[in-house]
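Have a look at the structure below before the remarks.
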Amino acid sequence: MKVAERTSMAKEFELFDKMSKHEQVVFCNDPTTGLRAIIAIHNTTLGPALGGCRMQPYNSMDEALEDVLRLSKGMTYKCAAADVDFGGGKAVIIGDPMTDKTPELFRAFGQFVNSLGGRFYTGTDMGTSMEDFIHASKETNFINGLPEVYGGGGDSSIPTAAGVLYSLQATNQILFGSDELGGHKYAIQGLGKVGFKVATGLLQAGADLFVTDISTENLQAIIELATNTTGTVTVISKEDIYSQEADIFIPCAFGGIINENTISQFKVKAIVGAANNQLLNDVHGRMLHDKGILYAPDYIVNSGGLIQVADELYGINHERVLAKTKHIYDAVLGVFQEARVSRKTTEEAANEMCEKRIADRSNRNSFYTSAAKPKWSIRNLS
């Protein structure tokens with residue numbers, strides 16, 4: 001065998017190594033519509049995989065694969081932490097969401113989702129919208145998070161923001177001995193659908209905010225809102241948001257923002273936010289711990305949206321979703337307390353809690369053969 005052939009084969013086996021912790025990875029290609037996508041199913045011990053589909057112009061297939069593998073694993077922990085009967089999955093579409101979207105592309109994606117026969121449910125994520133998945137739902141019933149007029153639960157940012165506020169209350173209980181939101185200072189990175197709602201709730205409670213966002217419209221809107229509350233708003237540059245003299249930093253934009261550079265700037269007592277994958281690496285959780293900064297694991301804090309889309313399969317009931325979302329307070333508090341007793345980081349304590357839940361359920365789920373398991377109630381949107 002030639003050297004070039006051995007090198008090529010080694011690279012192919014590296015690909016399998018990357019996917020070795022996942023149950024299934026599907027590469028989707030439809031030349032007619034230009035669809036290039038990857039669906040990753042990490043673990044279905046708790047139930048069918050559930051996770052959103054994001055669209056962005058990845059620089060390479062390897063970059064897209066790394067992202068979908070990381071995100072789908074995170075969804076397994078997120079579903080376990082939220083105690084919903086779903087496992088972890090995720091999808092990514094390679095393309096520019098501003099220029100490459102077409103109804104036909106999402107219908108093609110829907111066909112690939114449908115080919116998995118209910119092993120994977122998906123919906124909106126970064127770069128995609130509920131309207132995109134109206135098209136996908138014409139090809140498959142395994143879509144969540146659609147507009148209410150199409151049988152979905154509607155805006156999932158409402159329970160997501162509620163979960164962040166409950167998490168902030170739990171954090172304040174640990175830091176200050178009271179879960180009142182008012183009377184404290186918060187630095188908020190990102191005023192999108194979730195961040196703006198979180199900021200609104202804090203202002204109404206009488207909090208003082210330092211905020212940053214790429215949208216001047218969002219910044220102006222929150223300034224105007226503050227005039228009708230007892231709270232205050234100070235606009236900060238995106239570079240300076242990490243160094244504010246606030247009590248809690250609330251990241252609601254990008255992932256990977258907790259790293260060596262930002263940790264050295266933080267002057268806060270805690271970090272509690274809605275952004276996904278806030279820790280650039282696991283070591284940064286330990287760095288926060290050593291610096292005395294309390295970190296609320298993001299996949300628990302931002303699980304309100306997941307709770308809503310998972311709950312859709314039982315019929316739309318917003319009151320039930322918000323009731324379930326309130327348990328995020330207890331989950332965050334429990335992780336803080338376990339981390340303190342075990343002297344672990346909060347991320348380690350949360351991960352161990354999720355792993356135990358998955359292990360406990362694996363024994364019960366094995367009682368059934370696949371043929372004997374209860375069937376999911378799928379609404380017909382075709």
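So the values come out like this:
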{"quantity": "Angle between the chain longest axis and helix 103-114 axis [Cα atoms, degrees, rounded to 10]", "calculated": "70 degrees"}
{"quantity": "Potential extension, residue 204-residue 337 segment - 0.36 nm per residue separation minus Cα distance", "calculated": "45.0 nm"}
{"quantity": "Residue-wise HN-Hα coupling along segment 252-257, computed from phi with Karplus coefficients 6.51, -1.76, 1.60 (Hz; x: Gly, Pro)", "calculated": "10, 10, 9, x, x, 8"}
{"quantity": "Net charge contributed by nearby residues that have their C-beta within less than 14 Å of residue 42 (K/R +1, D/E -1)", "calculated": "+3"}
{"quantity": "Whole-number accessible area per residue in Å² for the chain, which is evaluated in the context of all protein chains at 1.4 Å", "calculated": "47 Å²"}
{"quantity": "Computed FRET value (nearest 0.05) for residue 59 with residue 179, which takes r as the C-beta separation and R₀ as 45 Å", "calculated": "0.55"}
{"quantity": "Max mean-square fluctuation residue, GNM over the chain, Cα-Cα springs under 10 Å, options 176, 336, 86", "calculated": "176"}
{"quantity": "Area of residue 90 that stays accessible when all protein chains are in place (1.4 Å probe, Å², to 10)", "calculated": "10 Å²"}
{"quantity": "Calculated from backbone phi, Karplus (6.51, -1.76, 1.60) coupling profile of segment 293-301 in Hz, x at Gly/Pro", "calculated": "9, 6, 10, 8, x, 4, 6, 8, 4"}
{"quantity": "Choice from 99, 212, 325 showing the highest fluctuation, given a GNM over the chain with Cα pairs closer than 10 Å", "calculated": "99"}
{"quantity": "Burial ranking of peptide ranges 37-47, 233-243 (average Cβ count within 10 Å, highest at the top)", "calculated": "37-47, 233-243"}
{"quantity": "The chain - share of DSSP beta bridges that are antiparallel (%, nearest 5)", "calculated": "30 percent"}
{"quantity": "Cα centroid separation, segment 226-281 to segment 161-196 (Å)", "calculated": "12 Å"}
{"quantity": "Scaled radius of gyration (Cα, divided by 2.2 N^0.38 Å) that the chain gives", "calculated": "1.00"}
{"quantity": "Partners for residue 138 among lysines (Cα-Cα distance below 22 Å; same-chain residues under 8 apart left out)", "calculated": "90, 101, 375"}
{"quantity": "On Cα atoms only, tilt of 157-176 relative to the major axis of the chain in degrees", "calculated": "50 degrees"}
{"quantity": "Spin-label pair residue 20/residue 290, simplified geometry with 7 Å Cα→Cβ offset, distance in nm", "calculated": "2.9 nm"}
{"quantity": "Cα long-axis angle, helix 61-82 against the chain (0 to 90 degrees, to the nearest 10)", "calculated": "60 degrees"}
{"quantity": "Label point distance in nm, residue 224-residue 85, each placed 7 Å from Cα along Cα→Cβ", "calculated": "4.6 nm"}
{"quantity": "Under 5 Å, built H, 5+ apart or other chain: amide partners of residue 188", "calculated": "210, 211, 212, 250"}
{"quantity": "Sequence-distant residues sharing a close amide H with residue 24 (under 5 Å, placed H)", "calculated": "41"}
{"quantity": "Segment residue 359-residue 138, extension gain: residue separation times 0.36 nm, minus the distance between their alpha carbons", "calculated": "75.9 nm"}
{"quantity": "Cβ-Cβ FRET estimate between residue 282 and residue 115, R0 fixed at 25 Å, reported to 0.05", "calculated": "0.10"}
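The values are calculated or read from the model by the stated rules, or taken from the named source; none is laboratory data. Every value quoted in this text rests on a predicted model; they were computed, and no experiment measured them. Please note: Cβ atoms are built from the backbone with ideal geometry, for glycine as well, and neighbour counts cover all protein chains shown. Side chains are part of the model used for accessible areas, which takes the heavy atoms of the whole protein and leaves out ligands, DNA and RNA. Shrake-Rupley method; radii C 1.70, N 1.55, O 1.52, S 1.80 Å.
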